[in-house]
Amino acid sequence: MASWAERWRRDFPALRTSRGKGVSYLDSACMSLTPRLVLQAMDEYYSRYPGCGGRSVHRWSSQVTEKVEAMREFSGHFFGGDPSGFVHVRNTTEAINVVAQGLDLHRGDVILLTDQEHNSNLVVWQTLAKAIGLRLKFLELPDDRAFDADSYRDALIKGVRLVSFFHASNLDGRLLPGSEIVESAHDAGAQVLLDGSQAAPHHRLQLARLGVDYYALSLHKMLGPTGTGLLYGAPGALDRLHPLLSGGETVSWSDYASHELLPGPARFEAGLQNYAGIIGAHAALRYLEKVDFSEMAGHERHLQMELDRATRDMPLQRVGLIEPDSKGPIFSFVIPGVDSHDVALFLDAGYGVLVRSGMNCVHSWYRSRGLEGSVRASFYLYTTDREVERLVCGIRELSERVGKRGSERVRGSSPSRRRSRGQRATPFPGQNGSSSPRVRPRSLAGRSSR
Ligand SMILES: Cc1ncc(COP(=O)(O)O)c(C=O)c1O
């Protein structure tokens, strides 16, 4: 009988080509794969009604306008909020920027962040702190559990205008208690923005019930096309924002001296939109609607447990929260003495396992702990046991080689060229020697890969 994941897998063309068959895609936290239905929906747009929405009145344009509004309607249903609260954006980063740059913030206002935010929810605040004198406060998250409600309440001092936290972490999958965070913030007179890019793909959200003021998410992490995302604003919340961009389709009228902004989502959707992407994203949400999210959570948890069990005796250093009960499908680790990009190249070249490596855009957290980065494997509904087994085989081989021949260098791949900008080629803390040992992948060593 086909496994739970196998039944979804068939719908993903990237996994079905001869190139895709040799690959274990374990990088869904960066970007998920796209089912055929989504590709078809985008193809239909370009081949059957390639008009611009909201402007012209001809048949193709009217059809696009209807499709875009149908997606907004469906977003309301899928994410549990009023459809007029959903703004089409390119990604989570843009959604956070729309809120940060749109709120009427003043010198001295405090923004509360965790110490584990993605750069998308850090850099914009640092920029504003410099420009207008915001004060940034960081809540330190515990190592042994997802969240400490007492220290959070202590951090909600007078003057906190906005709590801006991730809902689930891209670094270790840690899930924060959304309702509790919102409730305490509102009691303290603060608004809440949640970065839901890692939570939305794995949880059926009820945003209105959650009570959050703003919620940002990326649809390309939930089977949608690249460059598609949503910003949700609770009733009235969007109207409190100045638009980040101004221009066509955001106003009801203009004359040479002034203009009147449209209400709600329209005022934030300036210029011609990514119609194919929005229509494709609608197909992605309709596809996800068929998935039982509690079954998916069970499947992802099973993969976590298997990976955890299979690597327990290996010399891995797990990174971030380990406890699988309070985290999503992310497994972050370090092989002591090996650069994380070298591990990723080894797994790709030798085993066809595609993982993320480096600081996962959470440089602040890694640097505060003196870590050069980690390897991150992440799962989604199409991830199979066999793919996780391949990862385990790759880790095992690499760990054994490092154990035996710690100073051997990889030939045939050049990880330093792939190292992300600004990252130094230094060894892991605690390691003696001038550079990380490189180990030759199995395939590069002339042996067959598995
Ligand atoms: C927690 C978190 N926040 C924000 C982002 C940024 O998402 P995007 O690149 O889609 O804007 C990511 C991307 O991986 C993320 O994991």
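The values are calculated or read from the model by the stated rules, or taken from the named source; none is laboratory data. Only a predicted model underlies this, so the values are computations on that prediction, with no experimental measurement involved. Neighbour counts run over all protein chains shown; Cβ positions are idealised from the backbone, glycine included.
Once the stretch 188-220 is narrowed to residues that are in a loop (DSSP other than H, G, I, E, B) and more than 27 Å from Phe379 (Cβ to Cβ), the residue that is farthest from the ligand (Cβ to nearest atom) is Gly189.
Has the stretch 164-180 got at least one residue that is in a strand (DSSP E or B), under 22 Å from the mean Cα position of the chain (by Cα) and surrounded by fewer than 23 Cβ atoms within 10 Å (Cβ to Cβ)? Break it down into steps so the answer makes sense when it comes.
We begin by selecting, within the stretch 164-180, every residue in a strand (DSSP E or B); these are 164-166, 168, 174-175.
Subsequent filtering for residues that are under 22 Å from the mean Cα position of the chain (by Cα) retains 164-166, 168, 174-175.
Now restrict to residues that are surrounded by fewer than 23 Cβ atoms within 10 Å (Cβ to Cβ): 175.
Checked the stretch 164-180: at least one residue is in a strand (DSSP E or B), under 22 Å from the mean Cα position of the chain (by Cα) and surrounded by fewer than 23 Cβ atoms within 10 Å (Cβ to Cβ).
Among Val98, Val87, which is within 19 Å of the chain's Cα centre (by Cα), within 16 Å of the ligand (Cβ to nearest atom) and assigned to a helix (DSSP H, G or I)?
Val98
Of the listed requirements (1) over 30 Å from Ala70 (Cα atoms); (2) of a type in the set (Gly, Ala, Ser); (3) part of a helix (DSSP H, G or I), Ala266 misses just one: (1). List pairs: first in the stretch 99-121 and of a type in the set (Ser, Thr, Tyr), second within 11 Å of the ligand (Cβ to nearest atom), Cβ under 6 Å, 6+ apart or cross-chain? Taking only residues 6 or more apart or on different chains, the pairs are Thr114/Phe165; Ser120/Thr92; Ser120/Thr93; Ser120/Ile96. The set of residues in the stretch 5-54 being of a type in the set (Val, Ile, Thr), more than 16 Å from the ligand (Cβ to nearest atom) and touching a residue at least 24 places away in the same chain (Cβ under 8 Å) consists of Val23, Val38. Only one entry in Leu128, Leu217, Leu193 is over 16 Å from Leu321 (Cβ atoms), without any contact (Cβ under 8 Å) to a residue 40 or more places away in the chain and not assigned by TED's automatic domain parsing to the domain that holds Leu371, namely Leu128.
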